[in-house]
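Read through the structure below, which is laid out as structure tokens, and then see the notes.
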């Protein structure tokens, strides 16, 4: 009885696998692109407009895909299309498939043409602005066939783009869990306080967390909790006047006299023609690092490999 049951299970699994493979083969790149655009726009009319095609042929392609798969992919309504559970799964897999195709084309082109093409880098704005300009300039002088695509994103989005094959290299601020990636970690940087007129003596090189009491602060959202916790330990609640994701915005706000900005030390020269005074914060737990990361066990282009060498100390 056990063996009969086991045989039925094995047969069912084989039938499912064969059906799944056949279904995937029936789909082509064009259909996946159409489906993803519909899923992203949530409306066939907007999707057709984005794809530069008429609505009826796009609706027909969606219906044809559902018929080929034998599964309902969307719930249709007058306003917005909702993906079914099957549709959500196909959306996820379609992104992976199209990214894999893109990476494969890039790999083959890389082998055929050498150091040519586009190098995509995702970076948090503060780190990219300080690390990339000089490196890109010197790299371009040596490898003029390479174009660059720089995406300013937050760390979670950079991780997502790396995992999906949307970028070649990521530049993030640490601390952050990067165990699933290859990485080059740069030395930690202290935080500084920046302002038009900072309330400390000129010969005072460092300040302590307790010195921030009674001063309106302008901070990056990423470090807000860390700063607040350190202030609590010193017995006061900080006056967070403004917060932003972009360090250049924070420095510009500080230049108006609005408050004191707290930023990584290597960012103090990001705003030109702005006179700000700086004091380093003497608090090691507030130090921040920078990590250059890329996926493990995956093809990385010759351009990316050569560019990563510019970060080696």
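Annotations for the structure displayed:
- Residues within the stretch 23-67 that are surrounded by fewer than 16 Cβ atoms within 10 Å (Cβ to Cβ) and closer than 16 Å to residue 89 by Cα, tallied: 5
- Selected residue (only one of 206, 278, 307 is assigned by TED's automatic domain parsing to the domain that holds residue 143 and in contact with a strand residue (DSSP E or B) (Cβ under 7 Å, 6 or more places away or on another chain)): 307
- Look at (1) over 19 Å from residue 289 (Cβ atoms); (2) modelled with pLDDT under 90 and you find that residue 149 fails only one, number (2).
- Total residues in the stretch 116-173, condition more than 18 Å from the chain's Cα centre (by Cα) and touching a residue at least 12 places away in the same chain (Cβ under 8 Å): 10
- Considering only residues in the stretch 89-144 that are within 15 Å of residue 308 (Cβ to Cβ) and not in a helix (DSSP H, G or I), the one that is modelled with the lowest pLDDT turns out to be 115.
- Residue under evaluation residue 207, criteria (1) at pLDDT 90 or above; (2) under 19 Å from residue 172 (Cβ atoms), criterion not met: (2)
- Whichever residue in the stretch 174-186 is at pLDDT 90 or above and more than 14 Å from the chain's Cα centre (by Cα) and, among such residues, is farthest from residue 268 (Cα to Cα): 182
- Matching residues in the stretch 145-159 - criterion: being part of a helix (DSSP H, G or I), out of contact with any strand residue (DSSP E or B) (no Cβ under 6 Å at 6 or more places or on another chain) and within 10 Å of residue 122 (Cα to Cα): 157, 159
- Any hit, the stretch 162-183, residues being in contact with a strand residue (DSSP E or B) (Cβ under 6 Å, 6 or more places away or on another chain), in a loop (DSSP other than H, G, I, E, B) and surrounded by 18 or more Cβ atoms within 10 Å (Cβ to Cβ): yes
- Within the stretch 1-73, helices (runs of 4 or more DSSP H) holding 1 or more residues that are assigned by TED's automatic domain parsing to the domain that holds residue 90 and modelled with pLDDT of 85 or more: 29-41, 44-50, 55-69
The values are calculated or read from the model by the stated rules, or taken from the named source; none is laboratory data. Just so you know, these numbers come straight off a predicted model, no measurement behind them. Note that each Cβ is placed from the backbone with ideal geometry, even for glycine, and that neighbours are counted across all protein chains shown.
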